[in-house]
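Below is one structure, written out as C-alpha cells, with a few remarks after it.
The values are calculated or read from the model by the stated rules, or taken from the named source; none is laboratory data. Just so it is clear, the model here is predicted, and its values are computed rather than measured. We place every Cβ from the backbone using ideal geometry, glycine too, and count neighbours over all the protein chains shown. Accessible surface is based on the protein model in full, side chains and every heavy atom, while ligands, DNA and RNA are left aside. Shrake-Rupley method; radii C 1.70, N 1.55, O 1.52, S 1.80 Å.
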Amino acid sequence: HSEYNLYEINKKINNFAINQGKKIKIRRELVSITNHEKINKIFEQTYPDIVFHAAAYKHVHLVEENICEAVRNNVIGTLNIINSSIKLKIKRFVFVSTDKAVKPTNVMGATKRLAELLIQAHSNNLLNHETNFCIVRFGNVINSSGSVIPLFREQIIAGGPVTVTHKDVTRYFMSIPE
C-alpha cells in the first residue's frame, strides 16, 4: 500500500549492495496481501526461501475507525500469505507482530493476535506442510512506520501537551537497529 516505502527499501538495498561491491537483482511488487491470486503468482515466479510478513495496518486510531479493512488486511491478508507459503513450500515464514497482541485492548492488537493464532494453528499442523513458521513481536520502535515519536515531537514543538493514553502508562522504546 505504500509505493514510497517500496521505493525507499529498493534504494537502501541497492546502496547496501553497492557499498558491499555486489550486484543484486531486485524485483519490486506493489500488491496488497489481500490479493491472494497475485500473491500466489509472485511466489510461483520467485520461490522465496523466506517470507517476512510485516504488511499490517498499525495506526491504532485509524484501525479503530476502519474495523472491516483492518480485519481484511491484518487477518485475511495474513491467511493469504500463510496459504501461499504452504502451497509453494516456502522454507521459512516470519511474522512481524506487535506487543499490542499480548492482551489486545484495541482492534489493531486483536487483529494481530488473530493473525498470530492463524499462524500458530498452521504451525501446529506440520504434517501437512514444510513451512517453518515463527512470530516476532516488537513494541514501540523509534522512527518506524506507526511510531508515536513523530506525534510526540509535533506536540512538543507546538507547546504541548504530549498525549499519553493514561497518566500511569510506562512506554518502552527500541531503535530500528536494536
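So for the stretch 86-94 (the condition being under 19 Å from PHE138 (Cβ atoms) and among the charged types (D, E, K, R)), does at least one residue qualify? Even if it seems obvious, please write down each step before you answer.
Within the stretch 86-94, the subset under 19 Å from PHE138 (Cβ atoms) is 92-94.
After this cut, where a residue has to be among the charged types (D, E, K, R) as well, the list is 92.
Yes, some residue in the stretch 86-94 is under 19 Å from PHE138 (Cβ atoms) and among the charged types (D, E, K, R).
Please state which one of ILE39, ILE81 is under 16 Å from PHE133 (Cβ atoms) and at pLDDT 95 or above. Working first, answer last.
Details: ILE39 fails: under 16 Å from PHE133 (Cβ atoms).
Of the residues listed, the single one that is under 16 Å from PHE133 (Cβ atoms) and at pLDDT 95 or above is ILE81.
May I ask you to verify whether LEU30 is open to solvent by 40 Å² or more (accessible area, probe 1.4 Å) and either under 25 Å from ASN124 (Cβ atoms) or without any contact (Cβ under 8 Å) to a residue 12 or more places away in the chain (or both)? Before the answer, list the steps.
Values: open to solvent by 40 Å² or more (accessible area, probe 1.4 Å): yes; either under 25 Å from ASN124 (Cβ atoms) or without any contact (Cβ under 8 Å) to a residue 12 or more places away in the chain (or both): no.
Judged against the criteria, LEU30 is not a match.
Would you please name the residue that is farthest from TYR172 (Cα to Cα), looking only at residues in the stretch 89-104 that are β-branched (Val, Ile, Thr) and open to solvent by less than 60 Å² (accessible area, probe 1.4 Å)? Write out each step before concluding.
Applying the first criterion (β-branched (Val, Ile, Thr)) to the stretch 89-104 yields 90, 94, 96, 98, 102.
Still in the running and open to solvent by less than 60 Å² (accessible area, probe 1.4 Å): 90, 94, 96, 98.
On the way: ILE90: 34, VAL94: 23, VAL96: 18, THR98: 13 Å.
Top of the filtered list is ILE90.
Which number in (1) modelled with pLDDT of 75 or more; (2) open to solvent by 70 Å² or more (accessible area, probe 1.4 Å) marks the one condition that ILE176 misses?
With (1) modelled with pLDDT of 75 or more; (2) open to solvent by 70 Å² or more (accessible area, probe 1.4 Å) applied to ILE176, the lone miss is (1).
Would you check if ASN40 is farther than 20 Å from GLY109 by Cβ and either surrounded by 13 or more Cβ atoms within 10 Å (Cβ to Cβ) or touching a strand residue (DSSP E or B) at 6+ places or on another chain (Cβ under 9 Å) (or both)?
Working: farther than 20 Å from GLY109 by Cβ: yes; either surrounded by 13 or more Cβ atoms within 10 Å (Cβ to Cβ) or touching a strand residue (DSSP E or B) at 6+ places or on another chain (Cβ under 9 Å) (or both): yes.
Yes, satisfied.
Which numbered condition trips up VAL169, out of (1) part of a loop (DSSP other than H, G, I, E, B); (2) aliphatic (A, V, I, L, M); (3) at pLDDT 70 or above?
Of (1) part of a loop (DSSP other than H, G, I, E, B); (2) aliphatic (A, V, I, L, M); (3) at pLDDT 70 or above, only one is false for VAL169: (3).
Report yes if some residue within the stretch 105-113 is of a type in the set (A, V, I, L, M), over 22 Å from SER147 (Cβ atoms) and without any contact (Cβ under 8 Å) to a residue 12 or more places away in the chain; otherwise report no.
Restricting attention to the stretch 105-113, the residues satisfying the condition of being of a type in the set (A, V, I, L, M) are 107-108, 110.
So of that shortlist, the ones also over 22 Å from SER147 (Cβ atoms) come out as none.
No, because not a single residue in the stretch 105-113 is of a type in the set (A, V, I, L, M), over 22 Å from SER147 (Cβ atoms) and without any contact (Cβ under 8 Å) to a residue 12 or more places away in the chain.
List pairs: first in the stretch 147-161 and assigned to a helix (DSSP H, G or I), second of a type in the set (Ser, Thr, Tyr), Cβ under 7 Å, 6+ apart or cross-chain?
GLN155/THR163
Restricting the stretch 68-88 to residues that are in contact with a helix residue (DSSP H, G or I) (Cβ under 9 Å, 6 or more places away or on another chain), farther than 18 Å from LEU117 by Cβ and not hydroxyl-bearing (Ser, Thr, Tyr), which is least open to solvent (accessible area, probe 1.4 Å)?
Looking at residues that are in contact with a helix residue (DSSP H, G or I) (Cβ under 9 Å, 6 or more places away or on another chain), farther than 18 Å from LEU117 by Cβ and not hydroxyl-bearing (Ser, Thr, Tyr), I get LEU88.
Kindly indicate the residue of the stretch 126-146 that is open to solvent by less than 70 Å² (accessible area, probe 1.4 Å) and in a loop (DSSP other than H, G, I, E, B) and also modelled with the lowest pLDDT among those meeting that condition.
GLY146
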